[in-house]
Amino acid sequence: MDKKRIEKELNSQLNNEFFSSYLYLAMAAYCDSISLPGFANWMRSQAQEELFHAMKFYDYILERGFKVDLLKIDQPEKEWGSPLNMFEEVLKHEQFITESINNLVNVAEEEKDHATRIFLEWFVSEQVEEEASADAVLQKLRLTGGQGSALFMIDKELSTRTFTPPATNE
Ligand code: OFO
């Protein structure tokens, strides 16, 4: 097993998860700037969820006796033109993250690192949910045109989202 390769890939995904949190926080700020508090709430919850994902990688890296390497976090965009455009980007980003998790599974398999492969199973399932929840909002925005009273209704709906970390580390 090439431990250095696994360590590098895990740290790279740790950085991806931190970037995801940063990206969604930037989207939350954008939503607040265009007076959509429900959308901002959804993004803020998503940012918290991504921090939780990042810390799962952080803890796992330590647990395996690897070194945590906190790489530079890229600066996200500041504005997206409309909630519809923004959610197109959310879905694209989650598809990118799914691909990076899948690549990481491939590396774990190539290196016969069964523990990492099993650790990643949670993320494989999580990515199905991540894409589905982004797509659900995107479809609503597309169907309604994402403007006027429809936008107001969606904003109201998104204001109820909260993030509670799972009680067990499962
Ligand atoms: Fe961590 O799942 Fe979204 O990015």
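The values are calculated or read from the model by the stated rules, or taken from the named source; none is laboratory data. Just so it is clear, the model here is predicted, and its values are computed rather than measured. For neighbour counting, all protein chains shown are included, and Cβ atoms are generated from backbone atoms with ideal geometry for every residue, glycine included. Ligands, DNA and RNA are excluded from the accessible area calculation, which covers all protein heavy atoms including side chains. Shrake-Rupley method; radii C 1.70, N 1.55, O 1.52, S 1.80 Å.
Details
- Charged neighbours of F87, selected by a Cβ distance under 10 Å, balance to 0 (K, R count +1; D, E count -1).
- For the chain, the dipole from Cβ point charges (+1 on Lys and Arg, -1 on Asp and Glu) about the Cα centre works out to 280 debye, to the nearest 20.
- The stretch 3-158: relative contact order in percent, alpha carbon pairs under 8 Å with at least 6 residues between: 28 percent
- Trypsin sites (Lys or Arg not before Pro) within the stretch 68-134, DSSP loop, no more than 16 other Cβ atoms inside 10 Å: K72, K78, K112
- Per-peptide packing, taken as the mean over residues of other Cβ atoms within 10 Å, places 133-139, 42-48 in the sequence 42-48, 133-139 from highest down.
- Anisotropy class assigned to the chain is prolate, per the alpha carbon gyration tensor with a/c at or over the 1.5 cut-off and a/b larger than b/c.
- Mean residue ellipticity, 222 nm, helices only, the chain: the sum of -39500 (n - 2.57) across DSSP H runs of n ≥ 4, divided by residue count and rounded to 500, is -27000 deg cm²/dmol.
- Those GluC sites (Glu not before Pro) in the stretch 34-109 that DSSP places in a loop and that have at most 14 other beta carbons within 10 Å: E77, E79
- Accessible surface computed residue by residue for the stretch 98-170, with neighbouring protein chains in place and a 1.4 Å probe, gives 60 Å² per residue.
- Taking the protein heavy atoms of the chain in the context of the full set of protein chains, the accessible area attributed to carbon and sulfur is 53 percent at 1.4 Å.
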